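A quick write-up on the structure given underneath.
The values are calculated or read from the model by the stated rules, or taken from the named source; none is laboratory data. Predicted, not measured: the structure shown is a model, and the values here were computed from it. Quick reminder, even Gly has a Cβ in these numbers, built from the backbone with ideal geometry, and neighbours come from all protein chains shown. What goes into the accessible areas is simple: the full protein's heavy atoms, side chains included, and nothing from ligands, DNA or RNA. Shrake-Rupley method; radii C 1.70, N 1.55, O 1.52, S 1.80 Å.
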Amino acid sequence: MSPTPSSIVTTLPASGIRRMMAKAAAMEDVARLDVGEPQFATPAHIVEAASLAAAQGATKYAPSSGLLTTRDAIAAFITADTGTEVTRDNVIVTLGAVGALISAVRAAVEPGDEVLVPDPGWPNYLSLTRVSGGVPVRYALDAAHGFAPTRAQLEAAVTSRTKAVLINTPGNPTGAVFSRATMEDVLAFARDHDLYVISDEPYGKIVYESPFTSAWGLGEDERVIVATSVSKTYAMTGWRLGWALAEPSVATLIGKLQEAYISCSPTLSQKAVEAALTGDQSCIATFREAYSGNMDAAIEELHKGGIACTRSAGSFYLWVDVGCEDSWAFADGLLEERHVALAPGEAFGEQGRGHVRISLASPEDQVRRGARELASFCREQGLIA
Ligand code: PLP
């Protein structure tokens, strides 16, 4: 006899994006449009501040909820950025936005409670909900509504077991940025069903046309938990630092979970985040302009090749309807035959059928080549005339 491992873990789905990453990494000369990894190095002043902090001894455990100096820096940053007063009691430092999401779901659900997650949506919402004891139930997002959730789509998914609704703006993979009216509708829906709103906002600083509206500060803060991070904003994915923003009573629970899960987030990364939030902010616009330029380049190549595609309002992704039967087979074929890696639409849910996601976070030459090859591959496959 041998012990039986947890069925939650043995049946946990793997991310389709990571499958493409692994396959692409084993090949040569691939245009890497698969992964949401900024092409940029972390700005030098942040790295220098972290290395100075290391030399000065920031190499020990931190409090579970985060260094007070880091929580204060985050609170001051949000207060200045949004005009809504936030204090350290609202902020818990986590291992990236993903750490805030896992903690938020775990803090919200009893085992078996349902969490509404978007389709298409970031695949990890399924796994992180399940490891947190929840049951993910998908609500559809569609092009007809600009990939913003409607009341009808949410009502179609809610049951008496629903405990939380997870939303993501700016959206991965769709690039949608929800209007204030959409956010207010989601909050009204959550109020009517007495749900938590877990709002995943790591791309909040990467918006092009529309203003970004956070779920925080719209009058329902007792039910809102925002997850965000420095990963995408400051090209700091590997520092693994983010935070949860919540009412102090909920924030305390999320802090308790950090103790159980990780003891604390890395002290050195917290010092780096303090430097990021208090230092020169010009990198945000520099990165955003590069992504925007890449988006223009990709759309130009797609249009030249006969594929219709409109600009994303935010994030650094393009969600392209290529009309393929099986997006997994399509993405595998494109990688093997054309050396272009992108994410198959179905990795993000059933609503992703016929779609692919292009990441614009790579250098422009790769984005251009990838988009050109994508259009040519679609033609070869008979998907465009
Ligand atoms: N949420 C979304 C929608 C993402 O795309 C990602 C990363 O790709 C994350 C959360 C996690 O980001 P972090 O690196 O902050 O954990």
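Determine which member of the set E274, E259 is acidic (D, E), in a helix (DSSP H, G or I) and open to solvent by 50 Å² or more (accessible area, probe 1.4 Å). When all the criteria are applied, what remains is E259. Looking across A227, A244, A276, one residue alone is farther than 25 Å from R357 by Cα, within 17 Å of the chain's Cα centre (by Cα), within 14 Å of the ligand (Cβ to nearest atom) and not hydroxyl-bearing (S, T, Y). It is A244.
Exactly one residue out of V135, V131 is within 26 Å of L257 (Cβ to Cβ), away from the ligand (no atom under 16 Å from the Cβ), open to solvent by 30 Å² or more (accessible area, probe 1.4 Å) and aliphatic (A, V, I, L, M), and it is V135. Close Cβ contacts (under 7 Å, 6 or more residues apart or on different chains) running from residues in the range 33-49 that are within 15 Å of the ligand (Cβ to nearest atom) and acidic (D, E) to residues that are in a helix (DSSP H, G or I) and at pLDDT 95 or above comprise E37/T237. When only residues in the range 162-194 that are within 12 Å of T150 (Cα to Cα) and surrounded by fewer than 17 Cβ atoms within 10 Å (Cβ to Cβ) count, which is nearest to the ligand (Cβ to nearest atom)? It comes out as S179.
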